[in-house]
1. With a 1.4 Å probe and all protein chains left in place, how much accessible area per residue does segment 31-83 have, in Å²?
2. Between A139 and D68, what FRET efficiency follows from the Cβ-Cβ distance if R0 is 30 Å, with the result rounded to 0.05?
3. Exceeding 28 Å between C-alpha atoms, which entries from my cross-link table qualify? They are K34/K176; K176/K204; K34/K113.
4. 7 Å from Cα along Cα→Cβ at both L189 and E126: what's the point-to-point distance in nm?
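The values are calculated or read from the model by the stated rules, or taken from the named source; none is laboratory data. Values in this document were obtained by computation on a predicted structure and should not be read as measured data. Positions of Cβ are generated from backbone atoms using ideal geometry, with glycine treated the same way; all protein chains shown enter the neighbour counts. Ligands, DNA and RNA are excluded from the accessible area calculation, which covers all protein heavy atoms including side chains. Shrake-Rupley method; radii C 1.70, N 1.55, O 1.52, S 1.80 Å.
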Amino acid sequence: MTVLSDERPAPAISVLLVEDDAPTCWRLQDALAKAGYQVTAAATLAEARARLAQGGPRVLLTDLQLPDGHGVDLIRETRRRFPETEIMVISILGDEESVISAITVGATGYLLKDAFPTDIAATVGELVAGHSPISASIARFIVRRTQSSPERPPGPPLNTARLTPREIDILWGIAKGFSYAEIAEHLGLSRQTVPGHIKNIYRKLEVHTRGEAVFEALQQGLIRL
């Protein structure tokens, strides 16, 4: 006698892949499909936004350099609209500002494109399981960057008194990936005054890039994301 099970197979995990290089996109799609994922692809920021308008994927895999915009904007928008979506960057960009910007606005993983497509597909499972897959070279960079930061003494952050409330608001906007125009509109400032404030923030925190400013602010507890 055959016993029929009431259990149904779990639905495939949905993945939105945003990659403008066609050969790379094909290879990644093939690897993800063979791993059992339900893959939808987009080649531009506009196409990705159109896909997101239909609902949030379980996983977003995105490049940073897109023909019509930057992947950081897509990460920030996706994190706002779909908090449960896991987000991983797949990029040739491994510089400090790209890494810190992507992570601070919501990416939970970051792989360089020198990884094999099959390895990238395998890390999707890790991402869904709650891990944060990061390429070894980037992980080493984060460790070195953290270790190079001097240990802060207990008590209030050292630079809180040096940054004005307005500068802290602008710093929060930088951390969230907002453009200068968006920061100005949100805070009721002139677009032309924002770069001056940011220059003062860099000087006070002794940094030179947006990524360094965000990292230092998080380390000192000046802002929370």
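1. Each residue of segment 31-83 exposes 46 Å² on average to a 1.4 Å probe.
2. For R0 = 30 Å, the calculated efficiency reads 0.45.
3. The answer is K34/K176.
4. 3.9
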